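**Q** Got a structure for you, written out below as structure tokens; questions coming shortly.
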Amino acid sequence: MPDSAPRTYGNWRRPRPAGLGPLGLIGTVVMLGGIILSLFVSLVSLKAAIVVFVLVAFLVAAFALRTADGRNVFSALGVRVGWSLRKSKGSHVYVSGPLSQRPGGRFAPPGLLAKVAMLETRDPSGRRVGVLHHRGRNLYTLVLACEAEGISLVDSSQVDRWVGAWGGWLARLSQEPGLRGAAVVVETAPDSGVRLAAEVLPRIVDEAPPLSRAVLEEVVNTNPVTASETKVYVTLTYQPPRAGQRPAAVAEQLADRIPSLAAGLVGAGTTAVRPLSAVGISESVRAAFDPTVASRIAAAHEDGGDTGLEWSDAGPAVTLETPDHYEHDASYSRSWLLSLAPRGAVYSSVLRELLLPTQDIRRKRIALFYRPLPQATAARLVEADRRAALFRASSNGKKQTNARAQAELAAAEQTAQEEASGAGLVEFSIMVSVTVDTELQLNRAESLIDEQQAAARIQLRPARRTQAAAFTCTLPVGLLPWELTLMPQQIREAL
């Protein structure tokens, strides 16, 4: 029986801030308060009232002017000020190791990973499980490694079932106790060729014909140039339900949840799911900072063991952050942030070009962040969004309503109906990071990413002045961007 027409997906909506137009709640309060203040001042002096009104107008304009991804003047100014402070303190440069001034003489991970500690326990199957403890915010992260199935020669109906299972798994995360967020990291890199060499070279006998021997040796030598490997990680970051719990006890409780979490992922297009050990997490971070060690790590695994790498030695020796790239251990990285999600309906393969390995790029990571919202919060948000869309659609009269307002109203109505019928509400974002060997290759890598984001129908913007933080967030370590800001979330939403 032939497959039906491919299913489409869409209806992504950016949360609308409360308030008048693009002002947000704080901007609206400032505008109304400024108008009232100007009226009172005008009772004393008309000139003073005009001065107050002009100052308020400039302040309101700073709230109203926004970029395509919703940032206003104050958000952009905060990033610049933060970069200037880091540069003045010299924190944009990092040096570790025995010859550095850091205590211990180890190669500890830098920046956002400086306060992360590594724990290890075992799951119900007896497998070693590494648990990252983010001591600054008392969060804990599980890292699962997945073997994802490809979609080549797979019926579209099967792909739709995988997507449906993935959506169901994300919806169930809103009921996961203490979960703060999840992330999927897809990492692509040239194949080291270690596994192929270990399989082929020992099987070449001395009596083999010279031509056959030459062909096999050429295949082994050229494979790292033409082949690539893809690794998929799923990270889940939790907050312990009770304060004061011992980190070891929390790690054991989280490890007990792995079988049920892995079962949901297997139905969503993966063939095997396993937790990463402490050494496995350390190796993935070390290879990200210095891609040249990936072959040595693969060789150690091929011999039936591991490198024994500790978390305190998983970092780089030297890093340097600049406004547009990040240098680390003789490698250069550039990162991008999601600016706009795909508009309209898309197919399940919309991110295929972005996720595929890319020539001329030493390493590429695509990190998709998910923040499942509790049911009570989701219901409140969708109803507020629906009322706001209804107000915008009817504000100019039924005959004068534009097409975009009508489309927003229809999307808000559909979201409200789906949430009322039991669907989950998830906030998501994307970060992309590429690593190359020389600084000159960064421009070529940026051109390739521009082509791939166009094929994916998304818009990315460079992580200007936040390259180190963006690079670190794309690592499989469970860092959630919304948990790392100094400003409370309620104030960010009001802006």
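**Q** For region 224-304, list the helices (runs of 4 or more DSSP H) that sit wholly inside it and hold at least 1 residues that are open to solvent by less than 20 Å² (accessible area, probe 1.4 Å) and hydroxyl-bearing (Ser, Thr, Tyr); which are they?
**A** 278-289
**Q** Test each condition in (1) open to solvent by 80 Å² or more (accessible area, probe 1.4 Å); (2) modelled with pLDDT of 70 or more for ALA182 and report the one that comes out false.
**A** Failing condition for ALA182: (1).
**Q** Can you say whether GLY315 is in a loop (DSSP other than H, G, I, E, B) and open to solvent by less than 20 Å² (accessible area, probe 1.4 Å), as far as the supplied structure shows?
**A** Considered against the rule, which asks whether it is in a loop (DSSP other than H, G, I, E, B) and open to solvent by less than 20 Å² (accessible area, probe 1.4 Å), GLY315 comes out as yes.
**Q** Hey, does region 316-339 have a residue that's within 27 Å of LEU179 (Cβ to Cβ), among the hydroxyl-bearing types (Ser, Thr, Tyr), out of contact with any Asp or Glu (no Cβ under 6 Å at 6 or more places or on another chain) and modelled with pLDDT of 90 or more?
**A** yes
**Q** Then there is this: Six or more apart or on different chains, Cβ atoms under 6 Å: show the pairs whose first residue is in region 424-437 and touching a residue at least 12 places away in the same chain (Cβ under 8 Å) and whose second is in a strand (DSSP E or B) and open to solvent by 40 Å² or more (accessible area, probe 1.4 Å).
**A** Going by the 6 Å Cβ cut-off, the qualifying pairs are GLU427/ARG371; VAL436/TYR332.
**Q** On to the next question. Just checking, how many residues over region 480-495 are at pLDDT 90 or above and either open to solvent by less than 20 Å² (accessible area, probe 1.4 Å) or over 28 Å from ILE281 (Cα atoms) (or both)?
**A** 1
**Q** Next up: Report the residue count in region 364-377 for those that are in contact with a helix residue (DSSP H, G or I) (Cβ under 9 Å, 6 or more places away or on another chain) and more than 19 Å from THR237 (Cβ to Cβ).
**A** The total comes to 2.
Here is a yes/no grid of residues against (1) of a type in the set (D, E, K, R); (2) open to solvent by 40 Å² or more (accessible area, probe 1.4 Å):
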residue: LEU442; (1), (2): no, no
residue: SER447; (1), (2): no, yes
residue: ASP450; (1), (2): yes, yes
residue: ALA454; (1), (2): no, yes
residue: ALA463; (1), (2): no, no
residue: THR466; (1), (2): no, yes
residue: PHE471; (1), (2): no, no
residue: LEU475; (1), (2): no, no
residue: GLY478; (1), (2): no, no
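**Q** Have a look at GLY19, GLY34 and point out the one that is open to solvent by less than 60 Å² (accessible area, probe 1.4 Å) and either in contact with a Pro (Cβ under 7 Å, 6 or more places away or on another chain) or at pLDDT 85 or above (or both).
**A** GLY34
**Q** Give the residue, chosen from GLY181, GLY167, that is over 30 Å from VAL279 (Cα atoms), under 18 Å from the mean Cα position of the chain (by Cα) and among the small types (Gly, Ala, Ser).
**A** GLY167
**Q** If you go through region 137-157 one residue at a time, do you hit one that is of a type outside the set (Lys, Arg), more than 22 Å from PRO481 (Cα to Cα) and assigned to a helix (DSSP H, G or I)?
**A** The answer is yes, given that some residue of region 137-157 is of a type outside the set (Lys, Arg), more than 22 Å from PRO481 (Cα to Cα) and assigned to a helix (DSSP H, G or I).
**Q** Answer with yes or no whether ALA108 is surrounded by 12 or more Cβ atoms within 10 Å (Cβ to Cβ) and not in a loop (DSSP other than H, G, I, E, B).
**A** For ALA108, the condition - surrounded by 12 or more Cβ atoms within 10 Å (Cβ to Cβ) and not in a loop (DSSP other than H, G, I, E, B) - is not met.
**Q** Could you check region 192-215 and list, in sequence order, the residues that are modelled with pLDDT of 70 or more, open to solvent by less than 60 Å² (accessible area, probe 1.4 Å) and not small (Gly, Ala, Ser)?
**A** ILE204
**Q** Scan region 291-326 residue by residue and report those that are in contact (Cβ under 8 Å) with a residue 40 or more places away in the chain and β-branched (Val, Ile, Thr).
**A** Selection gives VAL318, THR319, THR322.
**Q** So, one more: Give the residue that is surrounded by the fewest Cβ atoms within 10 Å (Cβ to Cβ), with candidates limited to residues of region 328-381 that are touching a residue at least 40 places away in the same chain (Cβ under 8 Å), in a helix (DSSP H, G or I) and of a type in the set (A, V, I, L, M).
**A** Checking each candidate, the answer is ALA379.
The values are calculated or read from the model by the stated rules, or taken from the named source; none is laboratory data. Predicted, not measured: the structure shown is a model, and the values here were computed from it. Note that we place each Cβ from the backbone using ideal geometry, even for glycine, and neighbour counts take in every protein chain shown. Protein only, heavy atoms only, side chains kept; ligands, DNA and RNA dropped before computing areas. Shrake-Rupley method; radii C 1.70, N 1.55, O 1.52, S 1.80 Å.
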